[in-house]
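> Okay, handing you the structure first.
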Amino acid sequence: MDPTSGVVVLAGAAGLSLPLGGALAWIAYRHETAFTEPVMHALIAFGGGALLSAVALVLVPEGAAMLPPAVALGLLFLGGIVFYLLDLRLERDGGSGGALLVAMLLDFLPEAVALGAMLVTEAATAKLLALMIFLQNLPEGFSAFGEIWRSGVAARPLLLAFALLAGLGPICALLGMWFLVEMDAVLGAIMIFSAGGILYLLFQDVAPATRTRDSSAPALGAVFGFGLGLAGSLIIG
């Protein structure tokens, strides 16, 4: 398989977990007797933990290694500020109900760009990265679908939107392979900026949604989600 086809297949397979997670959530929500509120909160926490692992283990260390320290710090702060302002705008418009989805895309798309750039020089590592993106996006897609669907969006159009968003993965991977293999500073800037946005969304919207009055156990999902990311980082590293 030539590199172009390979990167499309890898990024496409990694992004497939987004609509797949949404479909699983739809099935689960339609059979609420088998799907309790603590489980839902645990899955949101798991997705948040996976996102935090992406920030701590991939986006920040890889991005910061490509940039001067002052630039990396500035872009991290800028990412947080931009998404704070975006969040304020969404609140004034009545809210989007999709903070976890936005955070997931901020994780998925830069990692897809990195996947495309990496496939040229580190094919084995790129394949492992694709697997980790798939595993991270599955619970995140599940949680994001539930969050948006419960805000009143119809399920079928929402699943179609998830599938279309997943299609952005191969596009980003191709851009990474074609243009960013030798442009470390640009790739690093995308990663650090995204990390700042994810951190803001995690603490503003995602983490508060993991709490439940009935049990403290769902918060353990964040530990397991971060552990998933750590396992992938240790395997890749």
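The values are calculated or read from the model by the stated rules, or taken from the named source; none is laboratory data. What you see is a predicted model; the values in this text were computed from it and never measured. Here Cβ is always computed from backbone atoms with ideal geometry, including for glycine, and neighbour counts include all displayed protein chains. With ligands, DNA and RNA removed, areas are computed over all heavy atoms of the protein, side chains included. Shrake-Rupley method; radii C 1.70, N 1.55, O 1.52, S 1.80 Å.
> If I go through the range 188-228 residue by residue, how many of them are farther than 30 Å from Pro68 by Cβ, assigned to a helix (DSSP H, G or I) and among the hydroxyl-bearing types (Ser, Thr, Tyr)?
The number of residues fulfilling the criteria is 1.
> Filter the range 14-32 down to residues that are of a type outside the set (D, E, K, R), assigned to a helix (DSSP H, G or I) and either out of contact with any helix residue (DSSP H, G or I) (no Cβ under 8 Å at 6 or more places or on another chain) or open to solvent by 50 Å² or more (accessible area, probe 1.4 Å) (or both), then give me how many there are.
Counting residues in the range 14-32 that are of a type outside the set (D, E, K, R), assigned to a helix (DSSP H, G or I) and either out of contact with any helix residue (DSSP H, G or I) (no Cβ under 8 Å at 6 or more places or on another chain) or open to solvent by 50 Å² or more (accessible area, probe 1.4 Å) (or both) gives 3.
> Quick one: count up the residues across the range 141-175 that are free of Cβ contacts under 8 Å to residues at least 60 places away in the same chain, assigned to a helix (DSSP H, G or I) and in contact with a Gly (Cβ under 6 Å, 6 or more places away or on another chain).
Within the range 141-175, residues that are free of Cβ contacts under 8 Å to residues at least 60 places away in the same chain, assigned to a helix (DSSP H, G or I) and in contact with a Gly (Cβ under 6 Å, 6 or more places away or on another chain) number 1.
> In addition: Hey, does the range 70-85 have a residue that's in a loop (DSSP other than H, G, I, E, B) and of a type in the set (Phe, Trp, Tyr)?
Kept after step one, since they are in a loop (DSSP other than H, G, I, E, B), are these residues of the range 70-85: none.
No.
> Would you be able to say whether some residue in the range 134-157 is among the aliphatic types (A, V, I, L, M) and over 16 Å from Trp26 (Cα atoms)? Quick ask: steps written out before the conclusion?
In the first step, residues of the range 134-157 are kept if they are among the aliphatic types (A, V, I, L, M); the result is 135, 138, 144, 148, 153-155.
If we keep only those that are over 16 Å from Trp26 (Cα atoms) too, we end up with 135.
The answer is yes, given that some residue of the range 134-157 is among the aliphatic types (A, V, I, L, M) and over 16 Å from Trp26 (Cα atoms).
> Those residues that are free of Cβ contacts under 8 Å to residues at least 24 places away in the same chain and not small (Gly, Ala, Ser), I need them from the range 198-223; list them, please.
Filtering the range 198-223 down to residues free of Cβ contacts under 8 Å to residues at least 24 places away in the same chain leaves 203, 208, 213, 216.
Phe203, Pro208, Arg213, listed by residue number.
> Then there's this: Restricting the search to the range 109-123, which residues are open to solvent by 40 Å² or more (accessible area, probe 1.4 Å) and farther than 16 Å from Ala13 by Cα?
The answer is Met118, Val120, Thr121, Glu122.
> Checking Gly97 against (1) modelled with pLDDT of 85 or more; (2) on the phi > 0 side of the Ramachandran plot, which single condition isn't satisfied?
Of everything listed in (1) modelled with pLDDT of 85 or more; (2) on the phi > 0 side of the Ramachandran plot, Gly97 misses just condition (1).
> Test of understanding: among Gly188, Gly141, which residue is within 15 Å of the chain's Cα centre (by Cα) and buried (at least 23 other Cβ atoms within 10 Å of the Cβ)? Working first, answer last.
Values: Gly188 fails: within 15 Å of the chain's Cα centre (by Cα).
On inspection, the qualifying residue turns out to be Gly141.
> With respect to Leu73, determine if the residue is touching a residue at least 24 places away in the same chain (Cβ under 8 Å), aliphatic (A, V, I, L, M) and open to solvent by 20 Å² or more (accessible area, probe 1.4 Å).
no
> Are any of the residues in the range 173-183 under 16 Å from the mean Cα position of the chain (by Cα) and either open to solvent by 30 Å² or more (accessible area, probe 1.4 Å) or not small (Gly, Ala, Ser) (or both)?
Step one: list which residues in the range 173-183 are under 16 Å from the mean Cα position of the chain (by Cα), which gives 173.
Pick out the ones that are also either open to solvent by 30 Å² or more (accessible area, probe 1.4 Å) or not small (Gly, Ala, Ser) (or both) and you get none.
Scanning the range 173-183, I find no residue that is under 16 Å from the mean Cα position of the chain (by Cα) and either open to solvent by 30 Å² or more (accessible area, probe 1.4 Å) or not small (Gly, Ala, Ser) (or both), so the answer is no.
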